[in-house]
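Report on the following structure.
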Amino acid sequence: MSTAEQPTAGTGSGEHAISVRDLRQSYGDFEAVRGISFEVERGELFALLGTNGAGKTTTVETLEGFRRPTAGSVRVLGADPYGQPPELRGRVDAVLQHSGLFPELTTAETVDLSRDLAADPMDRDAVLELTGLTDKAGVQVRQLSGGQKRRLDLGLAVLSRPEALFLDEPTTGMDPEARRATWETIAGLVREGMAILLTTHYLEEAERLADRLAIMHRGETRAEGTVRDVVLRWGDRIAFRMPAGVRVEDLPELPGATAAAEIRRGEAWVCYTVRGDDADGRAHRAMEPLLEWARRSGTALERLELRSASLEDVFLSVAEGAAEVVSGGQDSG
């Protein structure tokens with residue numbers, strides 16, 4: 001689709017807040033992003049996760065308007081963000097990994113400076129309260145902790161009440177209490193209708209906040225959907241220490257499961273991966289014939305464990321290159 005054919009900002013309430021269609025970004029002969037697609041709706045938080053060098057930073061920089069796509073298209077509030085056009089100023093903001101705070105200003109002065117640049121800013125006291133920095137109003141920025149500076153960054157990004165917000169590692173440097181308070185703040189922004197694209201290395205952060213997510217690896221999307229869908233498609237795990245005298249081919253076949261041997265701290269283990277549409281009952285159905293086989297053969301299943309997958313399991317599988325593309329029903333282009 002040509003630029004002339006693309007919708008412009010404000011063209012109807014049905015547009016996606018953020019749209020990425022078959023995006024490709026190259027640096028010379030190196031293709032950093034290889035045809036990814038996703039959308040973010042208003043009132044939704046989409047988490048973009050990825051291994052180091054996966055291409056997520058390049059993707060976010062393109063959406064922020066710092067790079068023109070090599071191929072494909074991106075739209076933010078219906079407009080091409082490249083060059084940060086006037087129609088998007090005030091409607092879009094970001095918390096970047098490296099902030100541009102002035103260390104000699106106080107926290108309150110920093111907020112006031114940003115308010116002077118915004119068309120319809122929040123009150124200074126409201127910004128300080130939102131970020132938990134009311135008691136730091138008179139403190140110079142240079143004296144704030146790393147986590148407090150990140151909270152100030154967030155306050156500066158939202159004081160103009162943007163419709164779309166990019167959060168790049170927003171809770172880095174925060175202690176657990178401050179991180180959870182910031183999560184509540186971000187969740188409140190989503191409830192108010194803001195569209196948020198989040199990048200984070202804290203998988204618990206994505207699990208807590210994301211309505212949907214995508215995991216990138218080597219420039220491609222390897223998993224996408226809701227947290228629940230992505231995790232369930234990875235499968236449940238039944239594992240136990242390999243019984244003496246038993247080979248992998250001697251193990252019973254379990255419904256919907258595949259068996260593999262692995263080494264844990266020098267010991268051989270058996271691990272069944274159980275998949276199937278009935279996520280609530282599949283592990284139970286697989287466990288019954290396993291226990292019956294053990295009873296009939298007189299085999300002890302030492303250290304037997306059954307667990308559901310976690311987002312960390314999926315992420316590590318993607319990082320190791322072992323995961324197939326997992327879709328949670330969203331169009332992944």
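The values are calculated or read from the model by the stated rules, or taken from the named source; none is laboratory data. What you are looking at is a predicted structure, and each value in this text was computed from that prediction instead of being measured. Neighbour counts run over all protein chains shown; Cβ positions are idealised from the backbone, glycine included.
Observations on the model:
- Out of 331, 278, one residue alone is surrounded by fewer than 11 Cβ atoms within 10 Å (Cβ to Cβ), at pLDDT below 90 and under 30 Å from residue 35 (Cβ atoms). It is 331.
- All positions within the stretch 59-105 that are of a type in the set (S, T, N, Q), surrounded by fewer than 16 Cβ atoms within 10 Å (Cβ to Cβ) and at pLDDT 95 or above: 70
- Qualifying residue in the stretch 212-223 (condition: at pLDDT 95 or above, surrounded by fewer than 18 Cβ atoms within 10 Å (Cβ to Cβ) and in contact with an Asp or Glu (Cβ under 8 Å, 6 or more places away or on another chain)): no
- Subset of the stretch 1-14 that is of a type in the set (S, T, N, Q) and part of a loop (DSSP other than H, G, I, E, B) - its residue that is modelled with the highest pLDDT: 13
- Members of the stretch 114-129 found to be loosely packed, with under 13 Cβ neighbours inside 10 Å and either assigned to a helix (DSSP H, G or I) or assigned by TED's automatic domain parsing to the domain that holds residue 189 (or both), listed by number: 116, 125
- Residue 197 fulfils the conditions (1) more than 30 Å from residue 110 (Cα to Cα); (2) part of a strand (DSSP E or B) except for a single criterion, (1).
- All conditions in (1) at pLDDT 90 or above; (2) part of a helix (DSSP H, G or I) hold for residue 317, with the sole exception of (1).
- When residues in the stretch 231-289 are screened for being more than 29 Å from the chain's Cα centre (by Cα), outside any loop (DSSP other than H, G, I, E, B) and touching a residue at least 40 places away in the same chain (Cβ under 8 Å), 4 of them pass.
- The stretch 15-37 - residue that is outside any strand (DSSP E or B) and either modelled with pLDDT under 50 or over 24 Å from the mean Cα position of the chain (by Cα) (or both) and, of those, farthest from residue 69 (Cα to Cα): 29
- Any hit, the stretch 164-177, residues being farther than 27 Å from residue 117 by Cβ and among the small types (Gly, Ala, Ser): no
- Residues that are assigned to a helix (DSSP H, G or I), in contact (Cβ under 8 Å) with a residue 12 or more places away in the chain and of a type outside the set (A, V, I, L, M) within the stretch 130-161 comprise 131, 136, 142, 146, 147, 148, 149, 150, 151, 153, 155, listed in sequence order.
- Look at the stretch 189-200: where a residue is more than 15 Å from residue 92 (Cα to Cα) and a partner is among the small types (Gly, Ala, Ser) and modelled with pLDDT under 95, sitting 6+ places away or on another chain with Cβ atoms under 9 Å, you get 199/50.
- Among the residues of the stretch 38-58, the one identified as more than 15 Å from residue 76 (Cβ to Cβ), surrounded by fewer than 18 Cβ atoms within 10 Å (Cβ to Cβ) and at pLDDT 95 or above is 43.
- Residues located in the stretch 87-110, provided they are assigned to a loop (DSSP other than H, G, I, E, B) and over 19 Å from residue 168 (Cβ atoms): 90, 102, 103, 104, 105
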